[in-house]
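Nothing in this text is a laboratory measurement; each read-out follows from the coordinates by a stated rule. Just so we're clear, the structure is a prediction, and the values are computed from it rather than from any experiment. For neighbour counting, all protein chains shown are included, and Cβ atoms are generated from backbone atoms with ideal geometry for every residue, glycine included.
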Amino acid sequence: MKKTTLISVAVAAAMLAACQTTSDSSAPARATAGLKATKGNKTFGEADFEQAGNKVRVVIFVEGLRPGQEHGLHIHEKGDCSSGDGMSAGGHFNPHGKPHGHPSSSERHAGDLPSLKADKSGRAKVQVEVDGLTVTPGPASVVGRAVIVHADPDDYKTQPTGNAGARLACGVISAS
């Protein structure tokens with residue numbers, strides 16, 4: 001082969017390789033958590049978080065709930081599910097120092113999410129966009145926190161927990 005042909009082939013190969021290794025920097029930041037039952041419970045599921053502008057899109061699917069019942073759902077401050085009862089996850093994630101409240105209120109913990117409403121087979125799904133959180137690094141990031149499913153409905157009033165009861169499942173949120 002001629003020298004110019006070899007150079008052309010090398011340049012074309014380098015250009016092709018550059019196209020294949022370029023990542024899509026416009027892809028939104030994402031995080032996930034696998035929810036595992038706490039000791040004595042059968043609740044499990046998965047949680048997905050995606051940065052959507054200045055909000056976070058949250059999709060959580062849970063199984064093993066009491067059929068037809070509501071269950072509190074929160075992001076907790078520590079990404080630690082090592083204790084059998086989920087208490088190692090700490091309190092509700094509250095980087096803005098607000099009181100516990102309804103997810104539609106601006107006066108709420110960043111980690112206050114809508115309650116799960118179990119169907120007749122004990123399954124529930126929440127899909128919501130929330131402000132006050134990020135998936136990207138920073139003080140309001142969900143990454144390194146925990147998702148907790150509670151035994152009882154959240155009353156959205158009792159401070160600081162919403163009186164949501166025992167912790168049925170816990171999952172640490174990791175960047176994906």
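Quick notes
- Residues whose placed amide H lies under 5 Å from that of Thr43, excluding near-sequence neighbours: Thr38
- Which listed pairs, of Lys120/Lys157; Lys98/Lys125; Lys39/Lys157; Lys36/Lys117; Lys39/Lys98, have C-alpha distances above 24 Å, in listed order: Lys120/Lys157; Lys98/Lys125; Lys39/Lys157; Lys39/Lys98
- Expected 222 nm ellipticity per residue - DSSP helices of 4 or more, -39500 (n - 2.57), all of the chain, to 500: -3500 deg cm²/dmol
- Take the Cα of Asp48, step 7 Å toward its Cβ, do the same at Glu63, and the gap between the two points is 1.7 nm.
- Among the listed options [x] 13.5; [y] 10.8; [z] 12.3, the one matching mean projected area of the Cα convex hull in nm² as calculated from these coordinates is [x].
- The stretch 95-176 shape via C-alpha gyration tensor axes, a/c threshold 1.5: oblate
- Rounded to the nearest 10 degrees, the angle from helix 3-21 to the longest Cα principal axis of the chain is 10 degrees.
- Distant-in-sequence amide H partners of Leu133 (H built 1.01 Å from N, under 5 Å): Val56
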